[in-house]
């Protein structure tokens, strides 16, 4: 008995050590007080893992589930926990798309409820607003459903210190209780739950420096004007700048008449700060336990601001509170109450952050001086809004987001009546609202000119708008969730039997919409024998009331089998194989659904009001008469998209679990995908709706290996995951394609089509003999497109797949060690077999925009052999320009492979004895960083954030954690 | 123990009750505010409110000619103007002969069929609405019918014969693979629809409240234009011989039909020439305009086309009229500038010209916004550098408000005129001249236009041959109707596009001398391209070809 107690203590000790930063509860014996120095373990491997709506013993898991825990989340200094997911979870592909949150600046109006509007790729399956506008998450190629503490909510701003675990559920069986929403997989976030023990306080303070990465390099004004003249000359047009202009730009002798302003240096600082504080309190005893987490984040933007009246800096301040209270009413009845609240206050310049950033990308250095000689803002007809003015003299815009989430869970065990029978009910109520206070203004700009006689004159461009003060609701959502489950779990000898009947109802109201209601009625049975053989099956009758009446519910099902070979006698009882702890084979298969029906698209309906309604003016007063417009044919047969998902896996655990290996294979066929039919003649006079047409297949392998070891007091680990993901369009009702290379069917999903480039046209003769786009006369220096069908003309028939065909590959390797209070970890994350279009073109849209230093490599007769860029032309070139005329080509398709030193953390924990002298439980100092080093196959732009948006940032962060 | 259990059971019961209570329906199962067809065709509504809104929607499918091709006027793809933008714009694609089955900036196919569908739905369902006012009820049916005819005409003049749907409205499961109908059937259909619409439409002049709606004269003017085209060389026996693209053989009577249709409009004696020319496009209700796209007041036309760099009215100057168009304007004495007796001075090219030149084009020195338009090299509106600016030293003046002395743009009327009385007169003169030769009625029609323009003398030499009269009428059409989407189609229906295109277009290079005088030099600025073999008709769009096995492509494409 005593032995058993010791073992249990050890077990719980190791559990706590491994699970989180949660300190080891110091064991007290009657006789002596001993100090145990807590050893910080970066990786955790708890015996119970979080699954959808509950936890499960890890040995019972049949599906594909991967998890990370608090330590892996807190080491990433960022505003969203989603930043910490990159490279850590096999099967989860992440791409950062912007470096700063995108604020919703538009007021909600009734017209937002556009009937018949189908979801876009961004809103697909969404039931409301999301706070993640920065990281694109794809779980086995699908945008996953995020479930926070048992309820679907797109919340990514939870304080990482407050999160117990983040898991991804990738296969059909793991997500089947979502029924009609189960196809896309799940990101499961579980916040910290109360643990019995004395009251503990944990306080963390940290501050980081954020530095933008890969800002573009604009051309200095003299190079710009030289190259612009060259571009004009290439078109046979006369030059726009004289030699005197060139000299004035080069020597900066005339800063007002010939300005040369690097907007990035002028408007952006080299770095900005991010600070975070969090306080976690937990404690409680037998009958009641609690945790309280308080978080504060203050993230500053990069703008150089100098307005003394008010703050125009882009800024986010966020306050979060998460409390959990568990009360055991009696030994059968437990209740859990959770309250989560979030307040976020944002600020941005009145010129709007996004507009300023894109303005910096498009405004040439010589567009206008920041200030005129008289101190007024510079500008011109083409650039009436001075960028500096947009940052500093245009007022400010504040946004507020408020969020409350209340969760009540009751669980009753009927063990006194039927052993193993239990009932659980969960209810969640959540409200969300975001508002904006717009106090923006418009500052006029002036064009300064000096006449030959020496008279200065200023002409005003841009209107003066006084500071406005409008307050509007930008988004609102309400959610109500109810779940009940009656279950039975019991072991009879070696037989473990379980079962559950389950009902849930999820109702969401987004802005003006009618509530959308999802319901699931499911039954699950589980069986295992001697922890050797496992079986599980679930049937779910699930529906969504946005579908046509009578077509709202469907059947979804999944089943799985498992076999732990290591438990078989021939291994378990074989001494020479004692180093084998686990060889578990498992497989799941299921039919899943994806409800992306949109808003009552099955009804024939007409827009009669709002912004998208057509308006016409009749009468001498030209008074507006609104129209009544049917935008798209109704599809009365619309149904959810379906998936048939197979997952097979192998778990190996060797050498007393020191070495662990997991391999997964999946083969998911998604069908009835919503697409527009191929034969869509416009003679019908209206757009065809989305119909259940497409079939795609996603297959892949995922591998995870972990080795943990120790040498004396050195503990070390290395874990790596690697994912291979292959997609294929099996059917998409293409219109007849003239040539096999035009076909999208058979290609990877979302393949980019474009022209194949055979270098540059090198001579006039070659120009005459090469195939050209109709109406375009080729000249030396133009891109030479490959005439696939040999008809002498370049057109859509010559478009071929130009993106990467090989399976997408992505990986992450985390390694670390700890010794004598020091702990170190590092994450290397990378992507392979990726390609993307870099959509920059010289002199931009109408031929007056900014140009960057890479166009120095343009084609000229002298550099014909080394040119990297076509000959320069002003404005849009009908042949070379990649995107205005849909002329994507291999010239602009770049290798997207990269790897990053994504995250490094170094920590030092004071010896417990020292901490105790300060009456502290533990003290840890740490420093961590994000995006410390990047190697990209194409290095000119960041491989992730490569559009004209707020840049990706490197963050160096230091902090201290104190526990009382 | 049991007490406790009961309590727990009770609390679950309470929770269940609450759940059940919350299941009571607070919301309708489908949004009642959603407008479904039974709202539109309301069988209780004696004024036809939503049905009228539905009709309004069809009007929104009418094209708005101002800068219609992305940022440019359609006529910037003729020999009258070029785009000011030095890069490639949609209109330069067209002027370069870059229209293909995949790319066509003037592809109105889908828009026109969308209008046709809605018009047919209106015609088929409007009877459900118990309108009490029969005159109004008939007028609305007439409007829908005229709109449908208009959209078919938009298709036919671009592609030749197209599929005619009649009164069919196709649904999701219907087969819509329909063959093209012959050019002749399409013209017959449009003309008969115009006649049918005419009888039920409002009489002219229309009351102030219904200005902008189709009237009888509108349907008649549409018919006159359609018949004029049908009689023109491109279609009247002069095409490739394909019945999709014209008549099999020439028939002079087609000119007579066209003349008669134009004469019918003239005989109404309601519309007349209005002056000054600049005013009719910005007038609230001009007695000259027969049918137009009425718009809310605004200043977008000025902002898009006015000369650049006026800080009182910073405009984009998108349209650069060509030297060819400027040269087409005669002197104010009515003589062409090529006539040695005209008094034209190459060193002072803009004085004593047809007043329509000033009304249509900004030349160097023209007054604007209290200042002067400077289009000499380095001048205010031709400063050099990378900003979009005129490439010919001219900007388009027509359609803009009277801001010669203004200080800023105001919101004013900018309607797009489809049919105005001057065009009807020119339609008549052309058709009558072709059918009967230059008789007195032809003289009278042309001279009335020259008179209104302010030419002195406005009379034409007596005794002109039909050929010389044709030259004069064609030039009058060009300058009188410049930028109104006529030139682009006229050079096609006259079958002269091959010689009008395929050569350089010119602009003026103006150097300001030290003493304030100007030196003028004509420079080539742009070369157009046209393939006689196929470009008189647009290619059927690729998506239509592959969606419809019965669709036949135009010759040469």
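No value in this document is a laboratory result; all are computed from the given coordinates. All of these numbers come straight from a predicted model, not from anything done at the bench. Virtual Cβ from ideal backbone geometry, glycine too; neighbours counted across all protein chains shown.
Below are the figures for this structure:
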read-out: Length added when fully stretched, residue A:565-residue A:745, from 0.36 nm per residue minus Cα-Cα; value: 60.7 nm
read-out: Rounded, prolate or oblate (a/c below 1.5 giving rounded, otherwise prolate when a/b exceeds b/c) for segment B:436-557 by Cα gyration tensor; value: oblate
read-out: Amide N proximity, segment B:172-190 versus residue A:637 label position 7 Å along Cα-to-Cβ, cut-off under 12 Å; value: B:172-174
read-out: Zone residues, segment A:294-308, relative to residue A:339, backbone N less than 18 Å from point 7 Å out along Cα-to-Cβ; value: A:294-296
read-out: Mean separation of Cα contacts under 8 Å, 6 or more apart, over the residue count of chain B: relative contact order %; value: 17 percent
read-out: Ordering of A:601-607, B:471-477, A:85-91 by burial proxy (mean other Cβ atoms within 10 Å per residue, highest first); value: A:85-91, A:601-607, B:471-477
read-out: √(5λ) per eigenvalue of the Cα gyration tensor, chain B, largest first, Å; value: 49, 32, 24
read-out: Cα Rg, Dmax (largest Cα-Cα span) when computed across segment A:404-517, Å; value: 31.7, 106
read-out: Fewest-first sequence of A:374, A:149, A:544 by Cβ atoms within 10 Å of each Cβ; value: A:374, A:544, A:149
read-out: For B:209-216, mean number of other protein chain Cβ atoms within 10 Å; value: 3
read-out: Whether segment A:169-260 is rounded, prolate or oblate, judged on the alpha carbon gyration tensor where a/c under 1.5 counts as rounded; value: oblate
read-out: Residue A:815 versus residue A:895: modelled label distance in nm, points set 7 Å from Cα along the beta carbon direction; value: 2.4 nm
read-out: Pairwise FRET efficiency - residue A:947 versus residue B:444, Cβ, R0 = 56 Å, nearest 0.05; value: 0.30
read-out: Gap separating the Cα centres of segment A:787-823 and segment B:168-210, nearest whole Å; value: 53 Å
read-out: Pairwise FRET efficiency - residue A:331 versus residue A:573, Cβ, R0 = 51 Å, nearest 0.05; value: 0.85
read-out: Debye-sum result for the protein assembly as shown in log10 I(q)/I(0), which assumes one identical scatterer on each alpha carbon, at q = 0.06 Å⁻¹; value: -0.70
read-out: Centroid-to-centroid separation of segment B:441-495 and segment B:240-279 [C-alpha atoms, Å]; value: 14 Å
read-out: Cα gyration tensor, segment B:167-248 - rounded (a/c under 1.5), prolate or oblate; value: oblate
read-out: P(r) tail fraction, segment A:732-890 - alpha-carbon pairs more than 23 Å apart, %; value: 52 percent
read-out: Cα centroid separation, segment A:348-401 to segment A:270-337 (Å); value: 35 Å
read-out: Ranking of A:419, B:534 by count of other Cβ atoms within 10 Å, fewest first; value: A:419, B:534
read-out: DSSP-defined beta bridges in the protein assembly as shown - what % are antiparallel, rounded to 5; value: 95 percent
read-out: Other protein chain Cβ atoms within 10 Å, averaged over every residue that makes up A:605-616; value: 5
read-out: Gained length - residue A:48 relative to residue A:705, 0.36 nm times residue gap less alpha-carbon distance; value: 234.6 nm
read-out: Order by protection proxy (mean Cβ within 10 Å, highest first), peptides A:161-170, A:423-432; value: A:161-170, A:423-432
read-out: Structure-based [θ]222 nm, chain B - -39500 (n - 2.57) summed over DSSP H runs of at least 4, per residue, nearest 500; value: -12000 deg cm²/dmol
read-out: Length-normalised contact order for chain A - Cα pairs under 8 Å, 6+ apart - percent; value: 12 percent
read-out: Helix axis angle, A:2-19 relative to chain A longest principal axis, alpha carbon, degrees; value: 10 degrees
read-out: Additional length obtainable on full extension of the chain from residue A:768 to residue A:307, 0.36 nm per residue less Cα span; value: 160.1 nm
read-out: Two-site label geometry, residue B:296 and residue A:676: point separation in nm, points 7 Å out along Cα→Cβ; value: 2.8 nm
read-out: Burial ordering of A:371, B:537, fewest other beta-carbon atoms within 10 Å first; value: A:371, B:537
read-out: Share antiparallel - DSSP beta bridges, segment A:857-964, percent rounded to 5; value: 95 percent
read-out: Computed label-point distance, nm, for sites residue A:201 and residue A:728 using a 7 Å Cα→Cβ extension; value: 6.2 nm
read-out: For segment A:274-426, the fraction of alpha-carbon pairs in successive 5 Å shells from zero, as %; value: 2, 8, 12, 12, 11, 8, 7, 7, 6, 6, 5, 5, 4, 3, 2, 1, 1, 0
read-out: Mean separation of Cα contacts under 8 Å, 6 or more apart, over the residue count of segment A:42-113: relative contact order %; value: 19 percent
read-out: Protection proxy ranking, peptides B:116-129, A:501-514, average beta carbon neighbours within 10 Å, highest first; value: B:116-129, A:501-514
read-out: Averaged over A:481-492, number of beta-carbon atoms from partner chains that fall within 10 Å; value: 1
read-out: Calculated FRET value between residue B:402 and residue B:125, using beta carbons and R₀ = 45 Å, to 0.05; value: 0.50
